[in-house]
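One structure is given here, and the rest of the page talks about it.
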Amino acid sequence: MGKRILIADDGEEVRQVVRAIFEARTSYEICGEAGNGLEAVEKTLELKPDLVLLDVAMPMLNGVEVASVLARHMPKLPIVLYTSTLCTMNCWGYPWPRRWEPQPSYLKQRE
C-alpha cells in the first residue's frame, strides 16, 4: 500500500481534482479530506497520514496556522502548503495587490 495523504482545502472541487490526480497517477491513498483548518487539524491527529496537503487560504484556521499546530504535535510529518487564491493580505500581514499591474518604473525599464 502507498503512502497516505490528507487533503485540506475549503474548495470541494479542488479536493476532488487533487484526489483524482493522486488516485489515477500514484499509489498514494487519500485517507481523508478537510474543508477548513480546524477540521484539518482534527483529522490529521486522528488519521495520522504520511503527508498533508494544505491550502493556505481556509476558514477557521489558515494553512499556515494548521501547519504550525501540526508541527508541534507531529514534528516529522511532511506538509505541503499551496494556494490558488491571491488575497489582499498574505499570512504575514503584508498587503498584496489583487492582480499584478505593471508599474511605470517597470514599463520604462522595458522600453
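Any read-out appearing in this document is the output of simple, stated calculations on the displayed coordinates, not a laboratory observation. Everything quoted here is computed from the prediction, not taken from an experiment. Positions of Cβ are generated from backbone atoms using ideal geometry, with glycine treated the same way; all protein chains shown enter the neighbour counts.
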Residues in region 57-79 that are in contact (Cβ under 8 Å) with a residue 12 or more places away in the chain and more than 16 Å from N36 (Cα to Cα): how many?
4
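The rows are residues; the columns are (1) within 13 Å of I79 (Cβ to Cβ); (2) part of a helix (DSSP H, G or I); (3) over 16 Å from the mean Cα position of the chain (by Cα); (4) not acidic (D, E).
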{"position": "L6", "(1), (2), (3), (4)": "yes, no, no, yes"}
{"position": "D10", "(1), (2), (3), (4)": "no, no, no, no"}
{"position": "V14", "(1), (2), (3), (4)": "no, yes, no, yes"}
{"position": "A20", "(1), (2), (3), (4)": "no, yes, yes, yes"}
{"position": "A24", "(1), (2), (3), (4)": "no, yes, yes, yes"}
{"position": "E39", "(1), (2), (3), (4)": "no, yes, no, no"}
{"position": "E42", "(1), (2), (3), (4)": "no, yes, no, no"}
{"position": "L53", "(1), (2), (3), (4)": "yes, no, no, yes"}
Filter result (part of a loop (DSSP other than H, G, I, E, B) and within 26 Å of T26 (Cα to Cα)) within region 59-84:
M74, P75, K76, L77, P78, T83, S84
